[in-house]
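The next block holds one structure in the form of C-alpha cells; read it before the comments.
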Amino acid sequence: MPGRPSLAKRNREVGALAATLIFAAVVLALLACRAPAAYAQPAGAQAMLLPQLMPPSPRLLPPGGAMLGYRRGNGSGLVSLTTLVHVHGLRVNHLVGMGMVAGLQNTGDTQETMFSIQLLINLLAHAGVTLPSALNPLDIQTRNLAAVMVTADLPPFARRGSRIDALVSSMGDARSLQGGTLIMTPLRGADGKIYALAEGPITIEGYFAGAMGGAAARKNFQTAGQIPNGVTVEREVASSFSNLRQLQLDLDQPNATLVMRVAQEIGTQLTSARVRVDDPGTLTVDLPPWMTPVAFAAKLHTMAVETVESDRVVVDERTGTVVIGGEVTVGKAAITHGNLTITIQPQLTVSQPGALSAGTTVAMKTGRIRAKQHRGQFFMTPEAASVEQIADTLNAVGTEPGDVIAIFEGLRAAGALHGQLIIR
C-alpha cells in the first residue's frame, strides 16, 4: 500500500533501536562497575546513581604504626591479680648439683679437664671399683664422659615423689651432650641439704656432627640440655601456709596506683576481709573467718583490675632492641641524626729497585681511607608526643635500631624524654 513503510525498512529500524538499547545497557553496566557501592545521601533522600555529583565514600584502611593494623586488642583491658601479685613466702627454691654425663659419642671432656677425671675416679670408688695405684690419672680417656652442672627449681608445695625438670650444662670442654645420660646426681639447696635426685637421658634441641680434621656442623647450643621430669623430690620444704589467717601480697612491679586498685578490688569482692596497703609494693589481707588461705588464692584468679601503663624506655645496646612503655611521652624537640660512612680500601704497592742495583723488590700493603658524611634532616616531634606518634615518626624517617638508641639517649640528655630510660 502506498504511504506505508515496507517490511524490510521496519526490520532495519527495529534492529537499529535494539542495537542502541544494547549499547546503552553496556555503558550503564560499565558505569555501575566503576562507581562506588554506596554514596552519602541526606537523611530521607532517595538513593540515586549519580557518580558525577556525589563524592565516593573513603576506603577503610588499617591505621598505620600499630601491629597488624590494630590500635587496640580484643581483650577487655583487665588483668587477673594472679599475674600482678604473689603471696609472700610462696617461692621456688633453687637446687644445684655436680654430676657426670655418660654415653657420649667421643664428644665429651678431654684430658685437660682434670675435675672430670676426678669425678670419674670418685664415681668408680663409690661404686666399689678400685683403680691400680700405679695408674696415672692423665692416662684415662674421658671422651665419652662430661662433667656437668645440674640445676632445678623446686616449686612451693612440692611433695616427696613429685617430678620436675632439670637443666644440664657442661662444665668442661665437651663439644656436645647429645645422646648422653645423666648419672644419678644429688641436688642440694642453699642450706646444703639434699632435696632431690636427678638422672635420665638429656634432650637437646638441634644436632652436632663432627668429622676427621676438625670439621663439624652444629645447630643451637649442644653443651646444654634438659631432662623432662628427670628430678625426683626427696625432701619437702616445710610450710605453714594452710594455718595463716593474715596474708601478705607483694606486687611483681611496685606501683602506688596499681596497689590501690588491687586493694579496692579485693575489698569489693570480699567485703568481710580487711585490706591494708603497707607501701606501693605490699598490701596485707586479713582473711574472713569462713575463708581458708587456699580458697583466697583460688579467689585471686577471678579478680581483675585495670593495669597501669609503663613509663619506661628499655634499651638493649647488645641486641639493638628498644621497648617503649605506653606512658612515655616526648616533649617538643628537633632531631637530626647524620650517618658517617668510612671506607677503607686496601692497596698493594710494589717497590722496584733500580737497574743493576743490589736492591730487592719489596711489596708494601697500604690503604686508602675515605670518609663521607651524609646530610641529615631535622624532623620535629610535637609536644607531648605519644608512643604511637614516636614510632610513626621514627619509622617515617627510616631510622635503624642503633639510630633509635642514640636518639633516645639524646632526648634524655636534652630533657625532652618524659619517662625512665633504662640502658642494658
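Test Asp109 against the stated conditions and say whether it is of a type in the set (Asp, Glu) and modelled with pLDDT of 85 or more.
Numbers: of a type in the set (Asp, Glu): yes; modelled with pLDDT of 85 or more: yes.
The answer is yes for Asp109.
Might you check whether a residue that is closer than 11 Å to Glu234 by Cβ, small (Gly, Ala, Ser), within 32 Å of the chain's Cα centre (by Cα) and assigned to a loop (DSSP other than H, G, I, E, B) occurs anywhere in segment 162-180? So that I can check it myself, show each step before the final result.
Filtering segment 162-180 down to residues closer than 11 Å to Glu234 by Cβ leaves 162.
Going one step further and asking which of them are small (Gly, Ala, Ser), we end up with 162.
Applying the additional criterion that residues be within 32 Å of the chain's Cα centre (by Cα) yields 162.
Retained after the next criterion (residues that are assigned to a loop (DSSP other than H, G, I, E, B)): 162.
Yes.
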- Given the conditions (1) of a type in the set (Lys, Arg); (2) touching a residue at least 24 places away in the same chain (Cβ under 8 Å); (3) under 27 Å from Phe157 (Cα atoms), which single one is not true for Arg261? (3)
- For segment 273-321, what are the residues that are of a type in the set (Phe, Trp, Tyr) and surrounded by 15 or more Cβ atoms within 10 Å (Cβ to Cβ)? Phe296
- Item | Residues of segment 105-139 classified as in a loop (DSSP other than H, G, I, E, B), of a type outside the set (S, T, N, Q) and farther than 25 Å from Ser169 by Cα, total | 6
- Note on the structure: The strands (runs of 3 or more DSSP E) lying entirely within segment 224-311 that contain at least 3 residues which are at pLDDT below 90 and touching a strand residue (DSSP E or B) at 6+ places or on another chain (Cβ under 9 Å) are 304-306
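The values are calculated or read from the model by the stated rules, or taken from the named source; none is laboratory data. Since this is a predicted model, take the numbers as computed values, not measurements. Neighbour counts run over all protein chains shown; Cβ positions are idealised from the backbone, glycine included.
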